[in-house]
Amino acid sequence: AAAAALAADAADAAPAPLRAATLSGAMPSPVGPIPQPLINGLITVQAPILAFFNPGWFTSSAHMAHRVWKVQGLDPPALNAALNGVLKEDDPRWYKTFPQDDNFESWFLTPVLNWLDTQKLTFEPEGDGIVVNARSASMCVFPAWFPFAPILGLALGFIPFLDHGKNEEHLLELKEAIERGGGTIVSEDILARGKKRKSKSKVQTAARASDGAGAEADKKEL
């Protein structure tokens, strides 16, 4: 009863966007169904830990997007204000933002299962604009609500996992926010896109192409 009361208090203390982002009802887990108030409490406690330690860093090439933009028309405070526009009351996916003088950080909780992706942008004045170095990465193979996710994520950090292109989508949303805020992106370098699982049709097409090449080689040998 005491644990349930603590979980309920944590859920009440959680921001409204976080409460809206989580599933209604209980979540299945290896230790049995987890009630909604405890899910909210776990995310509130574990999301900052995951963002700090980033258990998925070892295999980050499979779940990280990286772009560099040259932005004109906005100074750092205005750039931060524009980026902060991703926070919307009717869109709980963007959980938190952390604007600073020369950088910006945001946290994104994926719909339904609440995996945590973080976005880190640094600003460097250059000529008549600002160079924005933008990265978005998935923090852990386990969702933010999963019990002991930070510990398990660190212990199993060698396990690769894909982001299915979601981190690139996060950066595109931030790019749109800059443009809505009055900024002009005059150049863009795409350094990483994350990775998606190949669809069955693409795998089948590649297999057929391989089979066809093999058949042609057999004919030549004959």
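Screening PHE53, PHE98, PHE104 for residues that are without any contact (Cβ under 8 Å) to a residue 40 or more places away in the chain, within 27 Å of PHE142 (Cα to Cα) and surrounded by fewer than 18 Cβ atoms within 10 Å (Cβ to Cβ) leaves exactly one candidate, PHE98. The set of residues from the stretch 109-127 being at pLDDT 95 or above and touching a Lys or Arg at 6+ places or on another chain (Cβ under 8 Å) comprises ASP117, GLN119, LYS120, LEU121.
Could you tell me which of the residues LEU191, LEU171 is modelled with pLDDT of 95 or more, in contact with a Lys or Arg (Cβ under 8 Å, 6 or more places away or on another chain) and not β-branched (Val, Ile, Thr)?
After ruling out the rest, the residue left standing is LEU171.
Rundown of residues vs (1) hydrophobic (A, V, I, L, M, F, W, C); (2) under 26 Å from LYS195 (Cβ atoms), yes/no style:
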site	(1), (2)
HIS66	no, yes
VAL71	yes, no
ALA82	yes, no
GLY85	no, no
LYS88	no, no
TYR95	no, yes
TRP107	yes, yes
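Looking only at residues in the stretch 107-141 that are among the small types (Gly, Ala, Ser) and farther than 19 Å from GLN72 by Cα, the one that is surrounded by the fewest Cβ atoms within 10 Å (Cβ to Cβ) is ALA137.
Just need a number here: residues in the stretch 163-182 that are more than 16 Å from LYS70 (Cα to Cα) and small (Gly, Ala, Ser). Residues that pass the stated criteria total 1. Being at pLDDT below 90, surrounded by 18 or more Cβ atoms within 10 Å (Cβ to Cβ) and either closer than 16 Å to ASP163 by Cβ or hydrophobic (A, V, I, L, M, F, W, C) (or both) is a condition met by at least one residue of the stretch 63-73. Applying the criterion of being touching a residue at least 60 places away in the same chain (Cβ under 8 Å), buried (at least 17 other Cβ atoms within 10 Å of the Cβ) and out of contact with any helix residue (DSSP H, G or I) (no Cβ under 6 Å at 6 or more places or on another chain) to the residues of the stretch 142-167, the residue that is farthest from ARG193 (Cα to Cα) is PHE146.
The values are calculated or read from the model by the stated rules, or taken from the named source; none is laboratory data. Keep in mind the model is a prediction, meaning the values are calculated, not measured. Counting neighbours? That spans all protein chains shown, and the Cβs are built from the backbone with ideal geometry, glycine included.
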